[in-house]
Amino acid sequence: MELASYLAGERWSDHPACTHPLLAALARLVNDNTSDESRAGLVHLVPSIIGLASDDLRVDARIALRCATTALPVAAAERQLALAVSVLAAEEMLARLDGAPSGRLSESSVRVMEDVPHAAEQARRFSRAARITQKGFRRYAAPNAVQLSVVGIVQACIPDPDALLRRLLEETIADCDAMIHGRQADTSGAITTPAHA
């Protein structure tokens, strides 16, 4: 993030104005939790996060959702409830912001929740009893989802957590680019410009 601030012509900082604060937080967490060998491979992503800034709460919700749905399938059982709650909170915030019915879930959320039925049921009960505000989501729920997700991946019993952290960051950058600049990510994670652009 300090390199991003430099390349954007800003004051040297790991919290540059040129990048959405939650995306910057994810980038810092991935960097700090990646092995020394894998960290060098993150440098080429720096230019792609410059200019990804927005006040739209949908961006926060999309980042939190991407993180939670990536971590939930691999996280240890004791982290699954918090991650499942994070999935439901992000989906609820997106539905509310879009004027869609409460309880709407994307296909990716349905899939990951089906993989952890016990945690999903507990999360649904918890979420019915709690109603998060937009301010609370931005200040607490979304940042917590990002942090829980990175820790869940780092501590997961998987062969290569570094690769999953890198993929999470790449896909989150693509999500933000699509939302902020109106480009769409294809299934391979590449960004394409809409035909009408």
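The values are calculated or read from the model by the stated rules, or taken from the named source; none is laboratory data. Computed from a predicted structure; not experimentally measured. Only protein heavy atoms, including side chains, enter the accessible area calculation; ligands, DNA and RNA are left aside. Shrake-Rupley method; radii C 1.70, N 1.55, O 1.52, S 1.80 Å.
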**Message:** Suppose a student asked you for the relative contact order of segment 14-135, using Cα pairs under 8 Å spaced at least 6 residues apart; what percent would you report?
**Reply:** 22
**Message:** Solvent-accessible area of residue 66, probe 1.4 Å, all protein chains present, reported in Å² to the nearest ten, please.
**Reply:** 70
**Message:** Ignoring ligands, DNA and RNA, please state the percent of accessible area on segment 46-148 from carbon and sulfur, probe 1.4 Å.
**Reply:** 51
**Fill in**
Expected field for residue 173, accessible surface area in Å² at 1.4 Å probe radius, rounded to 10, holds 10
**Message:** Probe of 1.4 angstrom, ligands and nucleic acids ignored: what's the accessible area per residue over segment 38-197, in square angstrom?
**Reply:** 52
